[in-house]
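Written below as structure tokens is the structure these notes are about.
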Amino acid sequence: MNKVAYKEQISIITPVFNRLKELTRLYKSLRTQNNNNFIWIIVDDGSEKTINEIVDIWKKESKFKIDLIVQSNQGKMHAYKNAMKRLNTPWSLVVDSDDTVSEEMIDILYKTILSINSNNDCGVVFPRKLGADSNGTSLWKQLPNKVNIIDLRYQYNIPESTIFIKTNELKKAFNSLQLPDEKFISEEILYNKLMEQGKFVVRDELFYFGDYQEDGLTKHLFELWLKNPKSTIMLLNSRYRAMNSFPWKKRLIGQWKTNINLTAFALATNRSIKSVSPDLIESIFLFLPALVLKEKRFKIE
């Protein structure tokens, strides 16, 4: 089929690992778009069954462009970073392989691009619906005009969001991050880095629908932390620093909780507390609750 005749401004990035059924469902939702002026970048993270053949079929029948990258089981964050090599549009959005989107999504995103009149922002953040839970969709009208991504979870109790990012800001953040050679790396590290570059404009249009899978990465979070120690330490330290922007009470509570996690993790992995702590005096003060947490959360079989 004929492709669009004008240059795309938006890329959808989808890392995938062994989820061809879910990826097919996402493809069907992308095919319903009212506007086909976008590129879909799929990053296959070493799936056991190759998806090349089905993607070749999709390329021939779809009205939007599809680009496939194949990597060798490096994890989602490295898949996201590898997508930067093919990302040539000014804007991008990650849509997970087990999620779907409404037919108005691309239209909404283009209208949003036209309405953004600041060069100092990193992008735009929208609601995300996860299963039957709208994840605080009703709260979005009460948010300030601009936020940091970490604010949504820790200041406004909104755990999930849809993040539409300017490519130049995204590549700048990735280039400044030295990601460890581990498979499980939290995207929060990236969003905390983006705080140094600007904020995200808040919009309340809902077009992203998540479908949490029981085999998802977050099911055994603390086991994954133990198996990926470098990225865990990197995550918790980046979170601690990011919380410096919070009002003093939320900053104190948030940083204490984060420091307790770091100290407990150091104890569980036989690391020096000094080597991981963002504030050693604070870590010593919080040693006892960290010791309790270590026994409760980080039991090594």
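The values are calculated or read from the model by the stated rules, or taken from the named source; none is laboratory data. Keep in mind that what you see is a predicted model, and the values were worked out from it rather than measured. Cβ: placed from backbone, ideal geometry, glycine included. Neighbour counts: every protein chain shown.
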Long-range neighbours under 8 Å by Cβ, at least six apart or interchain, first residue over 17 Å from residue 162 (Cβ atoms) within the range 85-99, second among the charged types (D, E, K, R) and at pLDDT 95 or above: 86/67; 87/171; 90/166
Matching residues, the range 115-141, being of a type in the set (D, E, K, R) and modelled with pLDDT of 90 or more: 121, 128
Residues that are under 26 Å from residue 78 (Cα atoms) and surrounded by fewer than 16 Cβ atoms within 10 Å (Cβ to Cβ), drawn from the range 30-46: 46
Residues of the range 100-116 that turn out to be touching a residue at least 40 places away in the same chain (Cβ under 8 Å) and either under 23 Å from residue 145 (Cβ atoms) or among the small types (Gly, Ala, Ser) (or both), as a count: 10
Residues of the range 142-170 satisfying the condition of being within 23 Å of residue 100 (Cα to Cα) and either in a strand (DSSP E or B) or modelled with pLDDT under 85 (or both): 162, 163, 164, 165, 166
Residue match in the range 7-29 (condition: surrounded by 14 or more Cβ atoms within 10 Å (Cβ to Cβ), out of contact with any strand residue (DSSP E or B) (no Cβ under 7 Å at 6 or more places or on another chain), under 25 Å from residue 113 (Cα atoms) and at pLDDT 95 or above): yes
Residues of the range 173-214 that turn out to be aromatic (Phe, Trp, Tyr), part of a helix (DSSP H, G or I) and farther than 18 Å from residue 128 by Cβ, as a count: 1
Complete set of residues in the range 110-129 that are part of a helix (DSSP H, G or I) and either charged (D, E, K, R) or crowded, with 22+ Cβ neighbours inside 10 Å (or both): 111
